[in-house]
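The values are calculated or read from the model by the stated rules, or taken from the named source; none is laboratory data. Model, not experiment: these values are computed from the prediction. Cβ placement follows ideal geometry from the backbone for every residue including glycine, while neighbour counts extend to all protein chains displayed. Surface accessibility is based on the protein's heavy atoms, side chains included, excluding ligands, DNA and RNA. Shrake-Rupley method; radii C 1.70, N 1.55, O 1.52, S 1.80 Å.
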Amino acid sequence: MKKYWPLPFLISAMIVSLYLRILNPWKSVFTWTVRLGGNDPWYYYRLIENCIHNFPNRIWFDPFTNYPFGTFTHFGPFLVYFSSIMAIATGNLEGEALRSVLAFIPTIAGTLAVLPMYLLTSQAFNKRVGVISAILIAIIPGQYLQRSILGFNDHHCWETFWMITTLALYIYALKIWREFDFSLKRKIAIAVLAGIAYGMYLDTWAPSFVFAMFLTMFVAISLILERYLNTDGLTEVTSITLAVATLLYLPFAFKTPFFSTTHYSPFQISILIGCLALLGIFRLIKHLKPYYSRIGIKENLAYPLTFIVMVVVSIFILALFSPQVLNMIIGVTGVIQPRGGALTIAEVQPFFFMGGEFSLAPAYIHFGMTFFFGFFGFLYLFYMFYRKREPIILLILLWSIVMFIALWGQNRFAYYFALICAVTAGLILDLLLERLKFYDLVIKGKLNYTKIVLSIILIILLIYPTFSLANEQSRYAGGPNKEWWEALTWLKNNTEDGNYDDYYYQIYEPSENLREKYSYPFKTYGVMSWWDYGHWIEAIAHRMPNANPFQQGIGNKYNEVPGASWFFTAFNENESEYVARSLNVKYVISDVEMLTGKYYAMAVWAEGSLENASKIYYDGYWYVYATPYGLGLAPTIYDVPPNSKIVGTLNVPSEKWFETTEAKLHLLDCSGLSHYRLIYESKFVSQFSWMGFQEIVYKQIFNQKYSENFGLKTVNATTSGYVKIFERVKGAKIYGKANSSFVTVYVKVKSNQGRIFTYSNVVRVVNGTYKIVVPYSQNTKWPVKAITNYTIRSGNVTKTFSLSDEDVENGNTIRIDLI
């Protein structure tokens with residue numbers, strides 16, 4: 001019992017982990033299809049599917065995304081090969097069968113993490129802390145849970161798994177190197193295992209080269225404090241760990257032909273070799289210490305002075321001969337303060353700020369009570385280090401500080417900080433239980449009701465709220481909703497295929513210059529949507545998205561870079577057509593989220609800052625109130641009707657907002673546009689949802705304030721399709737003479753959902769002539785078609801006409817005089 005008592009606790013923790021990660025989200029993953037979560041898991045699905053077809057080769061350059069340029073992919077080899085091998089071993093090689101296998105892979109990492117967490121904390125502290133921390137890592141909510149849950153097959157959960165495994169084995173290696181009478185071979189073997197774990201970490205996520213810099217920094221600080229610490233074995237264990245990891249990274253070090261902190265490139269190797277060189281110098285300094293005293297420098301200053309000189313000289317040499325590398329190293333600190341459009345990305349936003357104000361609510365949501373217990377555990381780490389002077393305590397203390405800095409800067413590092421919370425919360429709870437003599441009371445069977453009750457309260461206070469949050473959060477795994485799935489399936493089955501399906505499974509030669517368009521072997525086209533949806537478009541529809549979740553293809557207005565943000569926020573069709581021509585856009589996909597909540601993100605990327613976007617696209621916040629008859633909108637609190645309840649605020653779109661391409665596409669069904677037509681819409685947005693309410697309000701505002709100004713017909717103030725697909729066409733050119741100032745044209749159109757709307761457009765007459773381009777046709781292959789003839793009017797003259805697909809696709813010219 002003394003030796004194996006932790007075992008039942010660890011098994012129980014793993015069972016609870018499987019319950020949270022598999023059983024709870026089961027129904028949200030295995031639905032109308034096998035639904036992978038989020039965005040990146042769908043790109044992994046694409047890579048894994050391709051790898052299975054070409055095993056053991058895999059994609060390192062992908063022309064299917066960031067169209068028409070393509071991109072080098074930064075997703076590491078570990079998860080691609082591990083998933084591919086699992087799929088091949090089970091015989092599930094494509095489609096739903098393959099996704100069924102991939103869905104379980106993140107749960108493996110999330111559940112197995114219990115073991116290295118126990119090893120790390122039991123070696124650093126004691127077995128009791130090991131058991132508590134292992135239980136906590138199984139139940140911590142927030143990003144760590146969400147990234148290791150059923151369906152979320154991404155590298156994030158494996159990043160944390162390999163980091164904690166590396167640290168656990170590294171600490172174990174340090175301990176046996178100094179404290180146990182093992183043979184040198186066995187000591188080296190444990191350090192080699194730590195190196196293998198770190199190599200897997202590198203092969204999971206290229207930016208994990210930072211961990212080598214962290215370990216080297218830890219050794220440097222320990223050596224500076226060598227008067228107070230036992231530093232035996234530090235340089236040896238660290239050198240072996242980094243050397244083995246370097247060898248495991250080496251086969252993938254040149255997959256990207258340029259230096260990059262995020263891609264598999266020579267940059268990582270240069271950092272690893274640089275860290276190994278520094279460790280060699282550290283070792284050399286130890287032997288050169290007597291020479292320092294000969295020149296009047298105290299031996300205890302040997303390391304600090306040498307390190308200062310090394311840093312200064314290294315910066316000078318890099319600045320002189322390789323400023324790119326120096327900038328990339330300095331750029332690592334950029335995680336602390338992201339700016340501009342990057343702040344619209346949920347995982348990049350500062351962690352402790354909500355609505356611009358400091359808040360601890362995110363800490364509770366993402367870590368439960370472990371964050372608050374862990375805070376005191378973190379303070380206790382300082383005290384432990386002061387009392388024990390142990391390098392291992394220093395290592396965990398430095399690790400905690402670095403991870404907290406990363407968390408402060410960006411929300412995305414919450415899944416890493418969960419490891420810190422599990423360690424520090426486990427440490428402080430163990431201390432409190434020990435001070436209350438809880439363990440003695442349990443083992444000896446003595447009864448001290450006060451101490452037992454206090455101990456149980458502390459255990460419940462830490463465990464119960466944390467587990468409750470995890471239990472609630474794990475019920476939904478995310479991923480594309482049914483509307484998106486059906487829309488992309490329709491796109492795949494009903495649009496020009498060419499050689500897309502065959503080409504999808506090939507291995508591609510990279511482009512020589514990523515700034516130039518890729519040379520495709522057959523006629524291709526781009527699908528324009530917001531970057532959030534790029535991986536879904538590629539993996540589900542097998543089409544080429546212009547923008548993707550790597551934040552490629554976004555573009556902007558302030559530097560006139562063609563991309564999604566400029567396209568959707570363009571104030572006139574000439575601008576959007578310039579972007580579309582530059583990127584060879586054939587289809588456009590919009591959803592109601594792009595029209596409402598995500599619109600501000602497009603505007604911020606386009607204009608460069610939230611301040612600029614707010615001034616241009618919005619008129620300020622109005623009050624949303626509820627009455628027995630429904631929701632309403634009021635500009636001030638004094639305009640809210642009596643006996644109404646204020647339920648929130650809504651940032652009201654400005655006139656400029658209604659001029660943009662996104663508004664004309666999704667809200668007005670292409671009214672005011674000449675080269676785009678709706679060809680598919682999904683089921684309607686619920687009018688009782690917040691997004692449905694916004695769509696209705698926007699339409700009411702348009703009808704009341706802007707319809708007449710724009711010369712367009714009013715629209716039905718109802719909700720429409722959640723997802724809409726548009727085709728870019730040349731448009732039929734109608735021209736002729738007219739005897740008034742304006743010519744208007746309109747036609748009734750029926751969507752595939754049976755919704756009837758009016759398309760309208762208007763042009764100015766110049767020198768007695770007009771030319772207007774229209775996109776819809778009566779005789780069409782698409783399920784969305786005009787159900788009446790066009791009506792064209794100038795003054796008192798009205799005529800009608802009809803069009804075929806050939807007319808609008810080829811840009812045929814039709815003369816109609818209106819005199």
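Out of the residues in region 666-697 that are at pLDDT 95 or above and hydroxyl-bearing (Ser, Thr, Tyr), which is surrounded by the fewest Cβ atoms within 10 Å (Cβ to Cβ)?
Residue satisfying both the conditions and the ranking: Ser674.
Go through (1) under 17 Å from Ala124 (Cβ atoms); (2) surrounded by fewer than 23 Cβ atoms within 10 Å (Cβ to Cβ) for Leu223 and report which single condition fails.
(1)
Given the condition free of Cβ contacts under 8 Å to residues at least 40 places away in the same chain, touching a helix residue (DSSP H, G or I) at 6+ places or on another chain (Cβ under 7 Å) and either open to solvent by less than 10 Å² (accessible area, probe 1.4 Å) or in a helix (DSSP H, G or I) (or both), answer yes or no: does some residue in region 517-539 qualify?
Within region 517-539 (the criterion being free of Cβ contacts under 8 Å to residues at least 40 places away in the same chain, touching a helix residue (DSSP H, G or I) at 6+ places or on another chain (Cβ under 7 Å) and either open to solvent by less than 10 Å² (accessible area, probe 1.4 Å) or in a helix (DSSP H, G or I) (or both)), the answer is yes, since at least one residue qualifies.
State all residues of region 781-804 that are open to solvent by 20 Å² or more (accessible area, probe 1.4 Å) and either within 17 Å of Leu712 (Cα to Cα) or within 40 Å of the chain's Cα centre (by Cα) (or both); if no residue qualifies, say none.
Result: Lys781, Pro783, Lys785, Thr791, Arg793, Gly795, Thr798.
Condition first: in contact with a Ser or Thr (Cβ under 6 Å, 6 or more places away or on another chain), under 26 Å from Lys2 (Cβ atoms), of a type in the set (Gly, Ala, Ser) and touching a residue at least 60 places away in the same chain (Cβ under 8 Å). Can you find one or more residues in region 72-79 that meet it?
No: zero hits.
What are the residues in region 481-508 that are modelled with pLDDT under 95 and buried (at least 19 other Cβ atoms within 10 Å of the Cβ), if any?
Thr495
Take region 790-819 and flag every residue that is over 17 Å from Cys670 (Cα atoms), without any contact (Cβ under 8 Å) to a residue 60 or more places away in the chain and outside any strand (DSSP E or B).
Gly795, Asn796, Ser802, Glu806
Among the residues of region 151-161, is any open to solvent by less than 10 Å² (accessible area, probe 1.4 Å), in contact (Cβ under 8 Å) with a residue 40 or more places away in the chain, among the small types (Gly, Ala, Ser) and farther than 19 Å from Ala243 by Cβ?
yes
What do you reckon, is Tyr623 open to solvent by 30 Å² or more (accessible area, probe 1.4 Å) and hydroxyl-bearing (Ser, Thr, Tyr)?
It is true that Tyr623 is open to solvent by 30 Å² or more (accessible area, probe 1.4 Å) and hydroxyl-bearing (Ser, Thr, Tyr).
Do we have Leu583 as buried (at least 18 other Cβ atoms within 10 Å of the Cβ) and either hydroxyl-bearing (Ser, Thr, Tyr) or within 26 Å of the chain's Cα centre (by Cα) (or both) here?
When the stated conditions are applied, Leu583 passes them.
Pull up region 427-470, narrow it to residues that are of a type in the set (Val, Ile, Thr) and over 19 Å from Ser12 (Cβ atoms), then point me to the one that is least open to solvent (accessible area, probe 1.4 Å).
Filtering region 427-470 for residues that are of a type in the set (Val, Ile, Thr) and over 19 Å from Ser12 (Cβ atoms), the one least open to solvent (accessible area, probe 1.4 Å) comes out as Ile428.
In this structure, does Tyr746 turn out to be on the phi < 0 side of the Ramachandran plot and in contact with a strand residue (DSSP E or B) (Cβ under 8 Å, 6 or more places away or on another chain)?
Yes: the conditions hold for Tyr746.
Considering only region 97-213, give the helices (runs of 4 or more DSSP H) lying wholly within it that have at least 2 residues that are at pLDDT below 95.
156-179, 184-204
Where the second residue is in a helix (DSSP H, G or I) and surrounded by 12 or more Cβ atoms within 10 Å (Cβ to Cβ) and the first is among the β-branched types (Val, Ile, Thr) and lies in region 283-300, which pairs have Cβ atoms under 7 Å and are six or more apart or on separate chains?
Sorted first by the residue in region 283-300, then by its partner, the pairs are Ile285/Ala302; Ile285/Tyr303; Ile285/Thr306; Ile297/Leu305.
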